[in-house]
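Please read the structure below before turning to the comments.
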Amino acid sequence: MFEKILVANRGEIACRIMRTARRLGIPTVAVYSDADADALHVHQADEAVHLGASPASESYASTEGLVTAARKCGADAIHPGYGFLAENAVFAKAVEDAGITFIGPGHEAIAALGDKISARAIAESAGVNVLPGAGEAITSVDTARKAAQDIGFPVMIKAATGGGGRGMRVAHDVRDIGDAYTSAVSESQSIFADGRVFVEKFIERPRHIEIQILADSLGKVVHIGERDCSIQRRHQKVIEEAPCTSLDGETRTAMCAQAIALAQAVNYRSAGTVEFIVDRAGRFYFLEMNTRLQVEHPVTEMISGIDLVEQMIRVAAGEPLALEQSDLRFCGAAIEARICAEDPSRDFLPSTGRVSRLLPPPETECVRVEAGLAEGCEVGIHYDSLIAKLCVHGETRATAVAMMSQVLDQFVISGLSHNIAFLASLVRHADFAAGNVSTDFIREIYPDGFQAQPADGAVSNALLAVAVFAHLRRQTRAAQISGRMPGHRDPAGADWVVVLAGQSQTVTAVEMSGGYDLETRDGKIEIRGTWPLGGPLFEGTVDDRDVAAQIVRRSDGYQLLHGGACVVVKVQSARAAELASRMPAPRPPDNAHKLLSPMSGLVVSIKVSAGDEVRAGQPLAIVDAMKMENVLRAEFDAKVAKVCAAEGDSIALDQVVLEFHRGPEP
């Protein structure tokens, strides 16, 4: 077994690998950039080595820096995690040439399968179903257009290397080809240093199913079941689960057999994932093979009881797999939700900032939290937006879905925008509960984008009751403060005016043991529970239903998060409500003639100059945030008055990029 493992990664996956290594008694070494000097993974390792500046190209993606760090600290193995260099054959070979063990497949297998064009050819020769498509790289818009017309629209233009949904664009007709090709090439070159792309048939409304395999150096290959990763946005997974409830036994058996055949065709070693898409007729097609550990590997571990990181370490150390296919058993259902620093109300654009509070739900045998941040950590523009992974396990899928809904309400993050309300809304959706999902699920249920609102009467009642509960507890505490002015009177304590979702009503509260009975216009609500004064989380019951709700005190009321709803509730005395009704509504700032950056990031390019005439939909600027290029387009025809940013600038959320003339020039 290894003496010391260097983890060539950061964030939650670095912490995850270190946890297994610690259990196996193997010391670990963290590496870090300037931005991560105080990061969680640095503190969890036995020692740490500084790599370089914050950009990944100067730190986590530096082959020379990582190999030098391993030699410096005496590590005899490197685990790459995922992302960065995990699927880089040059890096794997450099590690091997340095006499250090690469915990993953050999560089030959990575090279063969990491290039999606060659992987497609290998899969076809191994008898794996492949999508209709071009078997070679596309080198121009014209060749992309011809290939697409030969295949038939819609098509996907895909990066030949890399993964994680990067460098992928869909073209629905010939007019989309130019922008799709240019954008895919640019993003692929920027992220993977390889601008090659190819074209495949795009299957509409498919399910995305992947098979987890394990292989040793002696030729044994087993599969550890499948995962359903259909719920995606921008080709990036949002919620994953195991097993897939929609697969019949025959299809599952065939997919697993093809996954094993592909691994055997390249003498694969270590953990790997073969990804397929399944169309509405039940036909399945090979997408790619990820020659690494997957982000969503915990759901497989939870239903199988197998630690995939441990198996990777043991196989890399030369041990044969101690698993037999016939001995593997799968228990229950597991679901993973990716909690990310992004703003769902702004089309999921990345969010940056300092994490001022991070309180995950308590871990149990059925709840697993994998976080890469702690309170006080900074989420910057240099790396991806993943904050944590929340995983649950239940005896049935229905049990797991209910548990996920509950623990999402308990996960407290403040200091930046995140997607917890969105995730909570997803798992409460009737189609998700029924398993009726596809890769278009998010777009179909939120065609106009996601805006957190009360979902139903039960959620609205819970929000109202929690706000009144918190307000009365604060009033009770205030009444106990000594030294108040003579003649001070407490507000009338029984009747309150509550404003929720723009609707006002009078609520009468009667204090009871452990809570209150509330009389509303819709009837009686009983609320019981606990809330540390000023704390972030209420936990209790509303009409005997378990409720966890996050509470943030604001100047205009209480911001509450529960069940996918995120609203502000005002609780006022009758007199305060009367005075508030007389206040004029504030006017929003007039930014109609400005282009504001919808995210913090780095300006890649400005495509216009002062004096240029622009048309609605025309690209104006490109901002890179968290490894994703975002094209900012004109919303209307206009003339550019002023350019307020330049290529290479770091730009903040809502910072002005361009100004336009307000009307006809004199």
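Tabulated results
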quantity: Heavy atoms of D228 accessible to a 1.4 Å probe, total area in Å² rounded to 10; calculated: 10 Å²
quantity: Average accessible area per residue (Å²) across the range 1-126 - probe 1.4 Å, nucleic acids and ligands excluded; calculated: 37 Å²
quantity: Percentage, to the nearest whole number, of Cα pairs in the range 83-139 over 13 Å apart; calculated: 64 percent
quantity: Amide proton proximity set for L658, modelled H, under 5 Å, gap of 5+; calculated: L595, C644
quantity: Whole-Å semi-axes of the ellipsoid equivalent to the range 122-276 (Cα gyration tensor, √5λ, descending); calculated: 29, 17, 15
quantity: Taking the range 577-666 and dividing mean pair separation by its residue count, relative contact order in percent (alpha carbons under 8 Å, at least six apart); calculated: 34 percent
quantity: Relative contact order (%) - the range 546-626, alpha-carbon pairs under 8 angstrom, separation at least six; calculated: 17 percent
quantity: Computed over the range 528-666, the ratio Rg/Rh where both radii use C-alpha atoms and Rh is Kirkwood; calculated: 1.17
quantity: Per principal axis, descending, Cα span of the range 66-164 in whole Å; calculated: 55, 30, 19
quantity: Evaluated at q = 0.13, 0.21, 0.26 Å⁻¹: base-10 log I(q)/I(0), Debye formula over Cα of the range 232-310; calculated: -0.45, -1.27, -1.59
quantity: Estimated distance in nm for a label pair at T253 and E363, the labels positioned 7 Å out from Cα along Cα-to-Cβ; calculated: 3.9 nm
quantity: Modelled label reach - E47, point 7 Å along Cα→Cβ, the range 7-30 residues with backbone N closer than 14 Å; calculated: 7, 27-30
quantity: Charge sum, other residues only, whose C-beta stays under 14 Å from T508's C-beta, Lys/Arg counted +1 and Asp/Glu -1; calculated: -4
quantity: Debye-sum result for the range 1-49 in log10 I(q)/I(0), which assumes one identical scatterer on each alpha carbon, at q = 0.20, 0.23 Å⁻¹; calculated: -0.54, -0.71
quantity: The range 26-35 - phi-based ³J(HN,Hα) in whole Hz, Karplus 6.51/-1.76/1.60, Gly and Pro as x; calculated: 9, x, 10, 10, 8, 10, 8, 9, 4, 5
quantity: For the range 221-228, Karplus couplings with θ = phi - 60° (6.51, -1.76, 1.60), whole Hz, Gly/Pro x; calculated: 10, 10, 9, 10, x, 10, 10, 9
quantity: Estimated FRET transfer efficiency (A641, T182; beta-carbon r; R0 25 Å; 0.05); calculated: 0.35
quantity: Point-to-point label distance, R553-T399, nm (Cα→Cβ direction, 7 Å offset); calculated: 4.1 nm
quantity: The chain, helix-only ellipticity at 222 nm - DSSP H runs n ≥ 4, -39,500 (n - 2.57), divided by all residues, nearest 500; calculated: -8000 deg cm²/dmol
quantity: The chain, relative contact order [Cα under 8 Å, separation at least 6], %; calculated: 9 percent
quantity: Aspartates and glutamates with Cα under 16 Å of K220, excluding same-chain neighbours fewer than 8 positions away; calculated: E319, E324, D327
quantity: In Hz, Karplus ³J(HN,Hα) per residue of the range 134-139 (6.51, -1.76, 1.60; θ = phi - 60°; x = Gly, Pro); calculated: 7, x, 8, 5, 9, 10
quantity: Under-5 Å amide H pairs with C340, H placed in peptide plane, nonlocal only; calculated: I387, N419
quantity: Residue-normalised accessible area of the range 226-350, expressed per residue, 1.4 Å probe, Å²; calculated: 33 Å²
quantity: Rg ratio (alpha-carbon, reference 2.2 N^0.38 Å) - the range 289-448; calculated: 1.15
quantity: Å² of accessible area per residue within the range 567-664, as computed with a 1.4 Å probe and no ligands counted; calculated: 56 Å²
quantity: Accessible surface of the chain, 1.4 Å probe, proportion on carbon and sulfur as whole %; calculated: 50 percent
quantity: FRET efficiency, 1/(1 + (r/R0)^6) with R0 60 Å, evaluated for M485 and A261 via beta carbons; calculated: 0.15
quantity: For the chain, convex hull of alpha carbons as volume per residue, Å³; calculated: 187 Å³
quantity: Proximal aspartates and glutamates relative to K72, as straight alpha-carbon distance under 17 Å, when same-chain residues fewer than 8 apart are discounted; calculated: E3, D46, E47, E64, E96, D97
quantity: E310/V656 FRET efficiency (R0 56 Å; Cβ-Cβ; nearest 0.05); calculated: 0.60
quantity: R233 long-range amide H proximity, modeled H, under 5 Å; calculated: V238
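The values are calculated or read from the model by the stated rules, or taken from the named source; none is laboratory data. Note that the structure is predicted; figures quoted are calculated from it, not measured. Don't worry about glycine lacking a Cβ; one is built from the backbone with ideal geometry, like all the others, and counts go over all protein chains shown. Heads up: the accessible areas ignore ligands, DNA and RNA and are worked out on the full protein's heavy atoms, side chains in. Shrake-Rupley method; radii C 1.70, N 1.55, O 1.52, S 1.80 Å.
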